[in-house]
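Q: The structure follows.
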Amino acid sequence: WFINNGSEVSLIMAGIFISLVYKGSINSNKNILFWLMLLIAGAMFAFGFITRPIAGISKINATPSWVGICTGISIIVFALLIFMVDVKGKAKCFNIIKPAGTSTLTCYLIPYFLYSFMAVFNIDYPQFFNEGIGGILRSFAVAFIVIFITGFLEKKKIRLKI
(Lines give C-alpha, C1' and ligand atoms only; values in the text may rest on other atoms or scores of the structure.)
Protein backbone atom coordinates (compact mmCIF):
# COMPACT_ATOMS: atom_id res chain seq x y z
CA TRP A 1 0.00 0.00 0.00
CA PHE A 2 2.66 2.49 1.02
CA ILE A 3 4.73 1.95 -2.12
CA ASN A 4 1.75 2.42 -4.45
CA ASN A 5 0.39 5.37 -2.48
CA GLY A 6 3.67 6.98 -1.47
CA SER A 7 2.91 10.17 -3.34
CA GLU A 8 -0.37 10.66 -1.48
CA VAL A 9 1.32 10.08 1.87
CA SER A 10 4.06 12.55 0.97
CA LEU A 11 1.53 15.16 -0.12
CA ILE A 12 -0.43 14.72 3.11
CA MET A 13 2.77 15.13 5.14
CA ALA A 14 3.67 18.25 3.15
CA GLY A 15 0.18 19.62 3.81
CA ILE A 16 0.61 18.99 7.53
CA PHE A 17 4.01 20.71 7.46
CA ILE A 18 2.72 23.79 5.63
CA SER A 19 -0.32 23.94 7.95
CA LEU A 20 1.99 23.90 10.97
CA VAL A 21 4.15 26.65 9.42
CA TYR A 22 1.00 28.69 8.88
CA LYS A 23 -0.40 28.02 12.34
CA GLY A 24 2.93 28.82 14.00
CA SER A 25 3.16 32.20 12.32
CA ILE A 26 -0.53 33.16 12.23
CA ASN A 27 0.05 36.24 14.40
CA SER A 28 3.04 37.43 12.41
CA ASN A 29 3.20 39.33 9.12
CA LYS A 30 1.10 37.43 6.60
CA ASN A 31 3.01 38.90 3.65
CA ILE A 32 6.23 37.30 4.90
CA LEU A 33 4.38 34.02 5.40
CA PHE A 34 3.02 34.20 1.85
CA TRP A 35 6.52 34.70 0.40
CA LEU A 36 7.94 31.96 2.63
CA MET A 37 5.35 29.53 1.31
CA LEU A 38 6.13 30.53 -2.28
CA LEU A 39 9.83 29.99 -1.56
CA ILE A 40 9.11 26.50 -0.21
CA ALA A 41 6.91 25.80 -3.25
CA GLY A 42 9.73 26.93 -5.55
CA ALA A 43 12.14 24.62 -3.74
CA MET A 44 9.72 21.71 -4.21
CA PHE A 45 9.35 22.50 -7.93
CA ALA A 46 13.15 22.64 -8.26
CA PHE A 47 13.46 19.32 -6.42
CA GLY A 48 10.84 17.79 -8.73
CA PHE A 49 12.54 18.92 -11.92
CA ILE A 50 16.05 18.06 -10.68
CA THR A 51 14.99 14.49 -9.79
CA ARG A 52 12.98 14.00 -12.99
CA PRO A 53 15.85 12.36 -14.91
CA ILE A 54 16.21 9.67 -12.22
CA ALA A 55 12.82 7.98 -12.66
CA GLY A 56 10.67 10.37 -14.68
CA ILE A 57 7.37 11.82 -13.52
CA SER A 58 4.92 9.10 -12.51
CA LYS A 59 2.07 9.17 -10.03
CA ILE A 60 1.66 5.39 -10.18
CA ASN A 61 5.31 4.82 -9.26
CA ALA A 62 5.28 7.70 -6.74
CA THR A 63 8.50 9.13 -8.12
CA PRO A 64 10.25 11.89 -6.19
CA SER A 65 9.72 14.28 -9.09
CA TRP A 66 5.95 13.68 -9.02
CA VAL A 67 5.84 14.31 -5.28
CA GLY A 68 7.97 17.47 -5.57
CA ILE A 69 5.97 19.01 -8.40
CA CYS A 70 2.58 18.16 -6.86
CA THR A 71 3.70 19.45 -3.47
CA GLY A 72 4.83 22.70 -5.10
CA ILE A 73 1.46 23.09 -6.81
CA SER A 74 -0.40 22.31 -3.57
CA ILE A 75 1.62 24.84 -1.58
CA ILE A 76 0.99 27.55 -4.17
CA VAL A 77 -2.77 26.89 -4.12
CA PHE A 78 -2.76 26.84 -0.30
CA ALA A 79 -0.80 30.12 -0.17
CA LEU A 80 -3.18 31.76 -2.65
CA LEU A 81 -6.18 30.61 -0.60
CA ILE A 82 -4.60 32.01 2.58
CA PHE A 83 -3.91 35.26 0.76
CA MET A 84 -7.49 35.54 -0.52
CA VAL A 85 -9.22 34.49 2.71
CA ASP A 86 -7.00 35.80 5.52
CA VAL A 87 -5.27 38.78 3.92
CA LYS A 88 -7.93 40.08 1.53
CA GLY A 89 -10.95 38.86 3.54
CA LYS A 90 -12.67 37.22 0.56
CA ALA A 91 -13.94 34.10 2.35
CA LYS A 92 -17.45 34.61 0.97
CA CYS A 93 -16.12 33.89 -2.54
CA PHE A 94 -15.87 30.24 -1.50
CA ASN A 95 -19.42 29.84 -0.18
CA ILE A 96 -20.37 27.99 -3.37
CA ILE A 97 -18.05 25.10 -2.41
CA LYS A 98 -18.58 25.34 1.37
CA PRO A 99 -20.68 22.12 1.56
CA ALA A 100 -17.64 20.16 0.34
CA GLY A 101 -15.76 21.31 3.43
CA THR A 102 -18.55 21.13 6.00
CA SER A 103 -19.98 17.75 4.92
CA THR A 104 -16.84 16.15 3.58
CA LEU A 105 -17.81 12.51 4.01
CA THR A 106 -21.21 13.06 2.40
CA CYS A 107 -19.60 14.89 -0.50
CA TYR A 108 -17.09 12.06 -0.90
CA LEU A 109 -19.81 9.42 -1.17
CA ILE A 110 -22.27 11.25 -3.46
CA PRO A 111 -20.41 10.38 -6.70
CA TYR A 112 -20.82 6.67 -5.98
CA PHE A 113 -24.57 7.12 -5.81
CA LEU A 114 -24.56 9.46 -8.81
CA TYR A 115 -22.67 7.04 -11.06
CA SER A 116 -24.73 4.07 -9.82
CA PHE A 117 -27.89 6.00 -10.70
CA MET A 118 -26.47 6.73 -14.14
CA ALA A 119 -25.58 3.07 -14.67
CA VAL A 120 -29.03 1.82 -13.61
CA PHE A 121 -30.79 4.20 -15.98
CA ASN A 122 -28.18 3.71 -18.73
CA ILE A 123 -27.25 7.40 -18.85
CA ASP A 124 -24.01 8.04 -20.72
CA TYR A 125 -22.05 11.12 -21.69
CA PRO A 126 -21.58 12.10 -25.34
CA GLN A 127 -18.09 11.21 -26.62
CA PHE A 128 -17.02 14.87 -26.52
CA PHE A 129 -17.27 14.83 -22.72
CA ASN A 130 -15.06 11.75 -22.32
CA GLU A 131 -11.71 13.29 -23.26
CA GLY A 132 -9.83 16.54 -23.74
CA ILE A 133 -11.50 19.88 -23.00
CA GLY A 134 -14.93 18.20 -22.87
CA GLY A 135 -13.65 15.83 -20.18
CA ILE A 136 -12.33 18.73 -18.13
CA LEU A 137 -15.65 20.55 -18.46
CA ARG A 138 -17.51 17.38 -17.44
CA SER A 139 -15.25 16.97 -14.41
CA PHE A 140 -15.99 20.50 -13.22
CA ALA A 141 -19.71 20.06 -13.89
CA VAL A 142 -19.91 16.76 -12.00
CA ALA A 143 -17.89 18.22 -9.11
CA PHE A 144 -20.29 21.14 -8.77
CA ILE A 145 -23.34 18.88 -9.11
CA VAL A 146 -21.95 16.75 -6.27
CA ILE A 147 -21.35 19.85 -4.15
CA PHE A 148 -24.85 21.17 -4.87
CA ILE A 149 -26.39 17.80 -3.91
CA THR A 150 -24.31 17.81 -0.73
CA GLY A 151 -25.46 21.37 0.07
CA PHE A 152 -29.09 20.38 -0.52
CA LEU A 153 -28.73 17.39 1.82
CA GLU A 154 -26.99 19.58 4.38
CA LYS A 155 -29.92 22.03 4.35
CA LYS A 156 -32.26 19.07 4.98
CA LYS A 157 -29.98 18.13 7.91
CA ILE A 158 -28.85 14.91 6.20
CA ARG A 159 -25.12 14.36 6.57
CA LEU A 160 -22.72 11.59 7.48
CA LYS A 161 -20.56 11.91 10.57
CA ILE A 162 -17.90 9.73 12.10
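Q: Collect the residues in segment 47-63 that are on the phi > 0 side of the Ramachandran plot and surrounded by 17 or more Cβ atoms within 10 Å (Cβ to Cβ), keeping them in residue-number order.
A: Hit for segment 47-63 is ALA62, nothing else.
Q: Let me ask another. Hey, does segment 48-65 have a residue that's under 14 Å from the mean Cα position of the chain (by Cα) and under 15 Å from LEU11 (Cβ atoms)?
A: For segment 48-65, residues under 14 Å from the mean Cα position of the chain (by Cα) and under 15 Å from LEU11 (Cβ atoms): absent.
Q: Quick check, is ILE40 more than 17 Å from the chain's Cα centre (by Cα) and aliphatic (A, V, I, L, M)? So that I can check it myself, show each step before the final result.
A: Working: more than 17 Å from the chain's Cα centre (by Cα): yes; aliphatic (A, V, I, L, M): yes.
Criteria met by ILE40.
Q: Sticking with this structure for a sec: When VAL85 is evaluated against the numbered criteria (1) open to solvent by 80 Å² or more (accessible area, probe 1.4 Å); (2) under 17 Å from the mean Cα position of the chain (by Cα), which criterion, by number, is the only one it fails?
A: The one condition VAL85 does not meet is (1).
Q: Exactly one of these conditions fails for ASN95: (1) open to solvent by less than 60 Å² (accessible area, probe 1.4 Å); (2) closer than 22 Å to ILE158 by Cα. Give me its number.
A: (1)
Q: Moving on to the next point. Every residue in segment 122-162 that is surrounded by 13 or more Cβ atoms within 10 Å (Cβ to Cβ) and of a type in the set (Lys, Arg), please.
A: ARG138, ARG159
The values are calculated or read from the model by the stated rules, or taken from the named source; none is laboratory data. Everything numeric in this text was worked out from a predicted model, so none of it was measured. When we count neighbours, we look across all protein chains shown, and the Cβ atoms used for this are built from the backbone with ideal geometry, even at glycine. We work out accessible area using only protein heavy atoms, side chains counted, and drop any ligands, DNA or RNA first. Shrake-Rupley method; radii C 1.70, N 1.55, O 1.52, S 1.80 Å.
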